[in-house]
Amino acid sequence: MDSSILLIIIIFYFIVLFLVSYISGKKSNNQGFFIGNRKSRWYIVAFAMIGANLSGVTFVSVPGMVGTNCFSYLQMVLGFIVGQLIIAYILSPLYYRMNLISIYGYLENRFGPSSHKTGAWFFFISKILGAAVRLFLVCLILQMLVFESLHISFGVNVAISIFVVWLYTFQGGVKSLIWTDSLKTLCLIISVVLCIYYIASSMHLNFNGICSTIYHSSLSRIFFFDDVNSKQYFFKQFLAGIFTMIAMNGLDQDMMQRNLSCRNIKESQINLLISILLQFIVITMFLMLGVLLFMYTSQNGIQNPAKSDELFPMIATGGYFPTIVGILFIVGLVSAAFSNAGSALTALTTSFTIDILKTNNKSDNQITRIRKYVHIVMAILMGLTIIIIDIFNNTSVIDAVYILVSYTYGPILGLFAFGILCKRRVRDIYIPYIAITAPILCFILQKNSEKWFSGYSFSYELLIFNALFVYIGLWIVSIGQGRIKQLKETI
């Protein structure tokens, strides 16, 4: 496709995006930026959450991963559904009951200030890396399709992308994100549906033909029970899905910030349940698209790219289909990617301002000034992280995201699990050391698991062991109720 056409499409999309952001973010204050003044309608949030959960990584990597993993990703998505139920009926009521703006305030209430800052710092590391990995993929594709032919360097590409994200989240925060995410969700769904339609049409398949072809394809296998050492083994994927959903949604300021913008707990729970069902449907559509892409390349003698992430971009923009397919691909990709980056930047700004800089005793004008400075710094850090990832990138991006989750969200999951499930008091001063030690133990475990456990290879379930190490560490440095009572009597 002609790069100038793509550039015009992208510019037009962002004009619409900025217009929506400006209208929805007018007269937004700090409460509007942080939690949308708790006035968001649940059905708007539920629809917006599709775009928030499905990033540019999903848009590109999920169709490509079908070639090696078939539909095994749905095993993890089934775990997502269970995890979302836990968020809806355990975590969300807790956050609403405590009237939290930042969810990591729970850790200070339960353990102390060291725990609060530990949770906030681990979220900061997790989110800045995860958001950068996702936006990196989009910048890479935009470089290949648009900026390369215009002789614009990758660094300038990243700077432009980060500036755009900063600009449309600058004023409204969550209040604007709910509406801009709804726009992006609409673009994403239309894009994937029409891409399936055009590709199926070129293969002379109607709706029944699409379903029948995918059903009988060897690439549509969902469940894997035969090899416990395989990364696709059902219980590895399913359990990892449960805890990944809890960690990445329920214990993530980014995702919960939207849920906390609902008017009350009941509406928040409805939003969570509806959004995960819609997410399941959309991910299934991406997997179906992947099967059709691989079948199309096979039937037409097209060589698949070395990296699976490049399959969808190559076919959509390579002149194999009408120009509209390439346009839809770009719109869907940009919609998904910038949705995720914008929400991540807002959440990073919120958590760093409230949890790490401790602005709760400052005036509203002081908080506004600090928040705006933090917003700029977070944008710059995200851009620099993307440049570093570009230097070291050597793996599938969606795989990289879940590996990062396993290491960085594990301590947060362990802290919340211990706080909710156990009543023992923890010596707060030791918590940072436990949270740092757990990922190191997981790294050692992953590197030696095949040798120690007869060929067993850890996948994303490493997140569970990370949280377990934290839980055990907290138990070791905790004080039981009986001991607390003895100390009080002594005093």
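The values are calculated or read from the model by the stated rules, or taken from the named source; none is laboratory data. Here the structure is a predicted model, which is why all the values come from computation and not from measurement. Don't worry about glycine lacking a Cβ; one is built from the backbone with ideal geometry, like all the others, and counts go over all protein chains shown.
At a glance:
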read-out	value
Checking Asp254 against (1) of a type outside the set (Lys, Arg); (2) surrounded by fewer than 23 Cβ atoms within 10 Å (Cβ to Cβ); (3) assigned to a helix (DSSP H, G or I); (4) at pLDDT below 85, the condition it does not meet	(2)
Positions within region 322-375 being among the basic types (Lys, Arg), in a helix (DSSP H, G or I) and either over 25 Å from the mean Cα position of the chain (by Cα) or closer than 30 Å to Ser61 by Cβ (or both), in sequence order	Arg369
Test set (1) crowded, with 16+ Cβ neighbours inside 10 Å; (2) within 30 Å of Met203 (Cβ to Cβ) - Ile281 fails condition number	(1)
Candidate set from region 95-126 (those that are part of a helix (DSSP H, G or I) and over 20 Å from Val426 (Cα atoms)); member that is nearest to the chain's Cα centre (by Cα)	Ser126
Failed criterion for Ile9 (all others in (1) within 30 Å of Val77 (Cβ to Cβ); (2) hydrophobic (A, V, I, L, M, F, W, C); (3) at pLDDT 75 or above hold)	(1)
Filter result for Asp181 (of a type in the set (Asp, Glu), crowded, with 16+ Cβ neighbours inside 10 Å and at pLDDT below 85)	yes
Pair list, Cβ under 7 Å, 6 or more apart: region 423-435 residue within 16 Å of Tyr407 (Cα to Cα), other residue hydroxyl-bearing (Ser, Thr, Tyr) and surrounded by 18 or more Cβ atoms within 10 Å (Cβ to Cβ)	Pro432/Ser114; Pro432/Thr118; Ala435/Thr118
Within region 60-114, tally of residues that are more than 25 Å from Phe234 (Cβ to Cβ), among the aromatic types (Phe, Trp, Tyr), surrounded by 22 or more Cβ atoms within 10 Å (Cβ to Cβ) and at pLDDT 85 or above	2
Matching residues, region 200-211, being closer than 15 Å to Thr323 by Cβ and modelled with pLDDT of 85 or more	Ser201
Verdict on Ser457 being assigned to a helix (DSSP H, G or I), at pLDDT below 90 and among the hydroxyl-bearing types (Ser, Thr, Tyr)	no
Some residue of region 155-162 being part of a helix (DSSP H, G or I), in contact with a Phe, Trp or Tyr (Cβ under 7 Å, 6 or more places away or on another chain), surrounded by 15 or more Cβ atoms within 10 Å (Cβ to Cβ) and modelled with pLDDT of 85 or more	yes
